[in-house]
Amino acid sequence: MWRSFARLLTQFDRDKLEPAIALRNAVGVFVPLAIGVAVGMPLGGIAVASGALQVSYSDGHDPYSQRGVRMLMATLLCALAVVVGGLVGRIPALAVLAVMPWGFAAGLAVVLGSDAESLGVISLVTLIIFAAQALTVERALNAGLLALLGGLVQTAFSIALWPLARHEPERRALATLYSELSQSALAALKSREAPPSAIEVTRAQEVLGRLGRDHGERRNGSGHCSTRPSAFDSACSPLDAFVIASHVRASRRVTSRSSATSFSTARICST
């Protein structure tokens, strides 16, 4: 028991490392802090950098539209949390009354999905941090605006390549999916484990579903919806690819069994 617990504490998952995201988030925090120090306003730079830091937790490799909306929501929630925390920080009882419903709402946000859960936790942490500071109304509003600016800067860094590589996240999701399918088609299927590549299939469906909602339909001159041609129209759906891979794996297993049966029959006849 203790060995498994120690192994859990000391294991290192390299797949969770995201150097590109870490680099741009570090730049998004460093730039406003350096500018604030350079112009003689270090406290303002810290406020902007803190907003960028909180919003950086909402960054990811998902499609730019989905990522941008999520980071903008995080920016607004964190700026609101800064203002509310700074205003209620002067009265401890009022700070407790503000944190309790915010934390309750953040807990209920789990039912809305992982994105909502992340936004609730980040905004709650920001509220608690600034509730420990007693700010005047003017300073609380200024801190909220500076945090809003930092979140917008971090969002701009995250989606800066949108015009140059518009569908790169979708291509990356498809490449990961078909790579996993090629490996699962050669692997043995275990009944007690989850279906192979299930996570990648779900991920690709979410990414391409978002792409379809953003670009798949448009209104023509008569007011009817028409489907816009897409670079992914010629590719089979992730679910079809998963079914094909499962069929290939089952066919390979049946073929191997048939070959073994034929070999055994030939040996019996020869004797």
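Take the convex hull of the alpha carbons in the stretch 22-170; its mean projected area over all directions comes to 9.1 nm². The trypsin sites (Lys or Arg not before Pro) of the stretch 25-97 include none that DSSP puts in a loop with a beta carbon having at most 11 other beta carbons within 10 Å.
Can you tell me the convex hull volume per residue for the stretch 1-49, based on C-alpha atoms, in Å³ to the nearest whole number? Please report the intermediate quantities before stating the final value.
Values: hull volume 5.0 nm³, N = 49.
Convex hull of Cα atoms, per residue: 101 Å³.
Protection proxy ranking for 102-110, 35-43, using the average of other Cβ atoms within 10 Å per residue and placing the highest first: 102-110, 35-43.
Quick one: if the Förster radius is 22 Å, what FRET efficiency do Ser114 and Leu76 give, using the C-beta to C-beta distance and rounding to 0.05? Each step should come with its number before you reach the end.
On the way: r = 19 Å, r/R0 = 0.85.
Here the calculated transfer efficiency is 0.70.
Subtracting the Cα-Cα distance of Ala34 and Glu138 from their residue separation scaled by 0.36 nm leaves 35.0 nm.
With each label modelled as a point 7 angstrom along the Cα→C-beta vector, the Ala105-Arg14 pair spans 4.3 nm.
Where a number appears in this text, it was derived from the coordinates with a stated rule and is not lab data. This one's a predicted model, so the numbers in the text were calculated from it and none came from an experiment. Using ideal geometry, Cβ is built from the backbone for each residue, glycine included, and neighbour counts are taken over all protein chains shown.
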